[in-house]
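Take a look at the structure set out below.
The values are calculated or read from the model by the stated rules, or taken from the named source; none is laboratory data. Keep in mind it's a predicted model, so treat the numbers as computed, not measured. Backbone-built Cβ (ideal geometry, glycine too); neighbour counts: all protein chains shown. The accessibility values were calculated without ligands, DNA or RNA, using every heavy atom of the protein model including side chains. Shrake-Rupley method; radii C 1.70, N 1.55, O 1.52, S 1.80 Å.
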Amino acid sequence: MDGNANQDLAQFSLRDPSVIAEPWAFYKALHAAGSVWQDPGTGVWLVAGWRLIQEILRDNERFSAVVDRPTLRPGGVPEAVREIQSTSVPSTPTLVGADPPVHDRLRPLVNNVFSAERVESLAPFIGGVIDGLIDKFIADGRCEFVKAFSAPLPLIVIADQLGVDRDQIWKVKEWSDAIIEILGLMGTDESLVSCALKQKEASDFLLGQVRLRRREPVDSILSALANTRDQSGAHLTDSEVVSILTQLMVAGNETTTNTLSAGILHLARDPALQDRVRAASPKEMRIFVEEILRAESPVQGHYRRAKVDVVVGGVDIPAGSVIHLRYGAANRDETVFPGADRIDLARTNAPQHLAFGGGIHFCVGAMLARKELTMAFRALLDRLSNLALDVDEAALERVPSSQHRGLVALPIRFTARS
């Protein structure tokens, strides 16, 4: 990488709200500079190339998913946060944050719970939730879409599977947002303390539900995980189950919420695209879902740690270095996705995006998210026409996170279809 490329990249920061809102210029600069760059502010190495990230995701010998994220925050984590965490369910690496052999023991058990049969069995329930939410706002001709639809849909679905009463779904959102803020590395000391208290509340609730469902099993994801046994016949430990459920809770609503909002924003911006998607075949609708996931990447990336000295894209990276696999940039890699800034219903490789990660850590809830998204977009476009923004786009606010991409609110107007 030459000096001019480094100088061009130095103007960007993943803690800059303007970059969080519109990272596309940053991503183009990353690709132009060779797709591997060390952020001088944090020392973290960013990898932006789709092929390079795929290589790392498949190489569990040289790259570890076990990363001490708090060290990435300037000033570290407040002592008060550590004190709160010490009184909560002990943290243990599982799924996203675990390496083999731990990951190899746990993942098949979770896959069994998140089977295609279980996801398909949820379709009638999901459809009923979708129609019920639309019924509440369709006569008004306008709504704030995040609060009215994109947040409650996945919240209701995942809360039902976690044993949370319908009237308490916003508690799940509160817990999930707190965890997102901790991961996003943008919070103040005061806000992180508040988030840690909410995270502890979530962990304590989930632990209580796990113990209840071991005594009184029901047909839910939480109950199935609480009672599953590994090859030795042992239950998952309390901390393992709570860790897995926490990840499912966050991924089970944030990804779908943010993708739904992003998709509606694209449709509201582009009436011609709206008409094409409304008339789309089932295959084209699936491609639209994949294209929104690709272009917007609700999870912008995940971390890895180099176990040994490595060379990535011709760049030497020392052992122990933290590497950020920037999925959002990889999904705009023009060498893999030509015309990457465009939503293309004819794109043949749209499902090859990295919005759900890849390798052994591919998102376990991807099937459920895709089911919710496909059913939701179809129902919304069948029942609403003339979708448009009900506010100047410049007024839209993004969730302040270096890790996740989402809208705080999305006011829209529409016409009910007869």
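Key figures
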read-out	value
Among 295, 226, 272: highest mean-square fluctuation, GNM of the chain, C-alpha pairs under 10 Å	272
Extension gain (nm, one decimal) between residue 117 and residue 201, 0.36 nm per residue minus Cα-Cα	27.1 nm
Pair residue 334, residue 275: separation of 7 Å Cα→Cβ label points (nm)	2.9
Probe 1.4 Å - accessible area at residue 353, Å² to nearest ten	10
Using θ = phi - 60° and Karplus 6.51 cos²θ - 1.76 cosθ + 1.60, couplings along the stretch 133-138 (whole Hz; Gly, Pro as x)	5, 4, 4, 6, 10, 5
Modelled FRET efficiency - R0 30 Å, residue 15 with residue 367, Cβ distances, 0.05 increments	0.35
The stretch 257-317 - percent of accessible surface contributed by carbon and sulfur, probe 1.4 Å	52
Virtual spin-label span in nm between residue 87 and residue 413, 7 Å along Cα→Cβ	5.1
Carbon + sulfur, % of accessible area of the stretch 359-418 - ligands and nucleic acids excluded, 1.4 Å	54
The stretch 51-119 shape via C-alpha gyration tensor axes, a/c threshold 1.5	oblate
Theoretical gain in end-to-end length, residue 216 to residue 390 [0.36 nm per residue, Cα-Cα removed]	57.9 nm
At most 15 other Cβ within 10 Å, DSSP loop - chymotrypsin sites (Phe, Trp or Tyr not before Pro), the stretch 348-418	362
Length added when fully stretched, residue 235-residue 170, from 0.36 nm per residue minus Cα-Cα	20.4 nm
Accessible area per residue, Å², the chain with all protein chains present, probe 1.4 Å	42
Long-range amide H partners of residue 46 with built H, under 5 Å	37, 38, 39, 324
Span from the the stretch 273-291 Cα centroid across to the the stretch 353-416 one, whole angstrom	14
Cα-based Lys pair tally, the chain, threshold under 26 Å, eight or more apart or on separate chains	16
